[in-house]
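Here, each number is a calculation from the coordinates, and none is a lab measurement. On a predicted model such as this, the values are computed, not experimentally measured, just so you know. Here the Cβ is made from the backbone with ideal geometry for all residues, glycine too, and neighbour counts use every protein chain on show.
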Amino acid sequence: MNKVLIVAEHFQGRLNVSTGKCVSCAQSIGDVEIEVAVLAAEPAAVAAEAAALAGVQRVRVIERPENAEALAAVWAPQLAALARGYTHLLGPSTTFGKDLMPRVAALLGVGQISDLMSVEAPLRFRRPVYASNAIVTVQAPADQIVVATVRSASFQPVGGGGHAAIEPVQVEATLPTHTRFISRTAAKSDRPDLQTATRVVSGGRALASAENFQLLYRLADAMGAAVGASRAAVDAGYAANELQVGQTGKIIAPELYVALGISGAIQHLTGIKDARTIVAVNKDSEAPIFEVADIGLVGDLFQIVPELERLIRAAR
Ligand SMILES: Cc1cc2nc3c(=O)[nH]c(=O)nc-3n(C[C@H](O)[C@H](O)[C@H](O)COP(=O)(O)OP(=O)(O)OC[C@H]3O[C@@H](n4cnc5c(N)ncnc54)[C@H](O)[C@@H]3O)c2cc1C
């Protein structure tokens with residue numbers, strides 16, 4: 001029997017959808033008992049959400065004031081203590097999981113497997129390398145816990161309807177004092193969240209300024225879409241860092257991805273590999289983005305985007 005512990009990602013009392021995706025991944029391990037760890041200062045709402053995830057047998061709750069913010073340095077020793085006795089410890093390969101899981105692996109004295117795409121056997125997994133240009137099959141050692149992050153774009157979240165037991169636990173863990181929460185700065189937006197949106201409109205270097213990105217915001221609003229950006233656009237200061245899509249940004253799997261003035265560099269494409277339909281607008285008919293696009297428009301985005309916005313608004 002495999003015993004899998006999943007660390008819940010949550011914010012402001014709401015469970016992130018990435019946790020349900022980890023449960024889905026855990027189910028594919030087979031012959032499995034799945035538990036979710038909730039670390040929080042006020043865990044009730046998140047624990048209840050986790051307990052309702054289909055397939056979860058137990059939710060283990062570590063309630064401490066120090067867990068009010070998801071500080072990897074503070075959570076890692078608690079998780080490492082809690083993880084003993086499990087065959088697998090899984091977290092999402094979101095910014096949260098990428099921060100936390102390597103620390104837990106290090107404390108447990110094991111390596112971490114990153115970005116599980118699929119499970120072939122309890123200790124054998126497939127994961128992407130070289131910006132998803134190649135997929136490798138990796139085998140974990142049998143005599144130690146598997147610590148891994150789960151590629152969110154590769155798994156559908158499990159549904160609700162579960163009734164897992166919720167169990168408070170205390171762990172023996174010395175928490176570090178060298179890291180503490182000071183403040184959070186995040187761009188406020190009414191637009192859908194980039195990582196979970198079904199539609200995304202993304203802009204590249206061709207936008208040429210932060211002001212021109214307004215064009216893209218207007219189109220996104222007309223479509224009810226989230227906004228993304230290439231790294232070139234982020235590095236140039238046209239778009240905020242958290243909007244970056246790609247290898248060193250967000251890996252997303254929307255139903256519709258609209259790439260405006262983005263060349264289609266491999267590091268960008270790795271972020272949209274699982275997008276259902278890709279629409280590209282580029283003035284260069286040879287741009288590599290057209291090799292992956294389902295619909296391509298060759299032309300100047302500064303003419304095409306306002307026209308697209310007008311047509312969408314008129315059709316409503
Ligand atoms: C280790 C590493 C990690 C990286 N990680 C990422 C990542 O996470 N995400 C990412 O995006 N990149 C990443 N990159 C950078 C990547 O290699 C590219 O440099 C970047 O994606 C290019 O961004 P772009 O397509 O906006 O710009 P460009 O490549 O400069 O393309 C601009 C495109 O706009 C078109 N264009 C210009 N004017 C117009 C117009 N008026 N109308 C229509 N089209 C127009 C051009 O024809 C061109 O195709 C990474 C690179 C490295 C080395």
| field | Translational D in µm²/s for the chain (Stokes-Einstein at 37 °C, 0.692 mPa s, Kirkwood Rh from C-alpha pairs) | value | 158
| Does anyone have the angle between helix 72-82 and the longest principal axis of the chain? Alpha-carbon axes, 0 to 90°, nearest 10? | 40
| C-alpha center-to-center spacing [region 25-67, region 92-148] in angstrom | 20
| query | Helix 213-223 versus the longest principal axis of the chain: what is the Cα-based angle in degrees, 0 to 90, to the nearest 10? | reply | 70
| note | Taking Cα atoms only, helix 95-108 is inclined relative to the longest principal axis of the chain by an angle, in degrees rounded to 10, of 30
| remark: Summing -39500 (n - 2.57) over every DSSP H run of at least 4 residues in the chain and dividing by its residue count gives a helix-only mean residue ellipticity at 222 nm, to the nearest 500 deg cm²/dmol, of -7500 deg cm²/dmol
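Give the residue list of chymotrypsin sites (Phe, Trp or Tyr not before Pro) in region 91-148 that are DSSP loop and have at most 13 other beta-carbon atoms within 10 angstrom.
130
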| Which value, in debye to the nearest 20, gives the size of the charge dipole of region 239-293 about its Cα centre, when Lys and Arg are +1 and Asp and Glu are -1 at the Cβ? | 80
